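Structure, as structure tokens:
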Amino acid sequence: MQLSWFTYENLTKLGISIAILVLFLVLRKLFTKYIFHLIMRISRRTPTEFFTHVLLSFEKPVRWLFMSVGIYLAIIYSPFFNDSMQIVHEVYRSAIVIVVAWGLYNLTGSSSLFFNKVNSRFDLGIDDILVPFLSKLLRFVIVALSFSIVAQEFDYDVNGFVAGLGLGGLAFALAAKDTIGNFLGGIVIITEKPFTIGDWIKAPSVEGVVEDITFRSTKIRTFPQALVTVPNSTLANEPITNWTKMGKRQINFKVGVTYHTNQKQMSLSVKRIDHMLQDHDGIDDESIQVSFDSFSASSLDILINCFTKTTQYGEHLKIKQDINLRIMSILEEEGVRFAFPSQTIYVEQAGNGEAKTKEKQYS
């Protein structure tokens, strides 16, 4: 075995290389434990949380940056390195690109403050339905650019790769026309904004609350708590009722009273119900309609049509219940009885020719 390698110069270079690697490992540990937390405390005193979020996005990438720089410098100063080992430089530059792309990838997440800052700065009108799409699009661009730069570092012909994708694009488009249709449907949903995440919608295919919107489909939680995934192309071609966009919620029903109710009782009952609704805090006083509507087979019908100010279903039901109880009190005070389906039967007894009336009721 030759001992010519174990010279003073080579051993010195090896010692420097090991020292550099250990130094950067220590710096990485210090950054993680002390420096990063110090910077975080300082950033939290700033008027905005955006800088804090940037730091959190680049925390892990910066840790690996220390490792990459340390390993690279350790190899450069080691006695094993020579100028013909260009692969070391290429791997190092690729590692820097990947670390930066990693931080940007974290920063452009759908939960990131990045979109909120851009939205408030330029008044773009970005809402919850658009953020996931923009996040996925930006992340795809970041990954694609990073892959392209890394490939060029290793002298790979990216232009040929892109041309190859162009040749295969037509065949792929024909094979994945449904997927493309869903993607275009998602674009229609974004641009026209018939609904957003959290809205209660009703379509011929499904009814429920929108939980998520992706490039391919929309996830809707139905009221029995089932999760339905609907292709975007289906929703884009269906009529959609967005109940969340209601400005107020309708109450519409009829109250049937007996035919024993006289004109004065009916008039006073209608007037008192109308005044009660006008004075009710939960009712929109611009859309109240109360009237003696019709003569039905078994009742005189009072039409009541109004709107609650709230659109929340639970609050709406409480207001409706309160109105029903007040209507019961008003009719009871006026001596008016509720009607239910009934028939009056006339029975003629043989002998005296007199007719007696017998009322037969059906509940």
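Here are some notes:
- Rolling a 1.4 Å probe over the protein chains gives Glu334 an accessible area of about 40 Å².
- Heavy atoms of Asp285 accessible to a 1.4 Å probe, total area in Å² rounded to 10: 90 Å²
- On the basis of the beta-carbon distance and an R0 of 45 Å, Asn237 and Ile35 show a calculated FRET efficiency of 0.20.
- Annotation for Arg326 and Thr214: the two label points, set 7 Å from Cα along the Cα-Cβ direction, are 4.9 nm apart.
- Linear extension gain, Lys264 paired with Ala19, 0.36 nm per residue minus alpha-carbon span: 77.8 nm
- Electrostatic tally near Ile327: other residues with Cβ closer than 14 Å to its Cβ, Lys and Arg +1, Asp and Glu -1, net -1.
- Counting heavy atoms of the protein chains alone, Phe147 has an accessible area of about 120 Å² for a 1.4 Å probe.
The values are calculated or read from the model by the stated rules, or taken from the named source; none is laboratory data. Owing to the predicted nature of the structure, the values given are computational and were not obtained by experimental measurement. In this analysis, Cβ positions are derived from the backbone assuming ideal geometry, glycine residues included, and neighbour counts consider all displayed protein chains. Note: areas computed on protein heavy atoms with side chains; ligands, DNA, RNA excluded. Shrake-Rupley method; radii C 1.70, N 1.55, O 1.52, S 1.80 Å.
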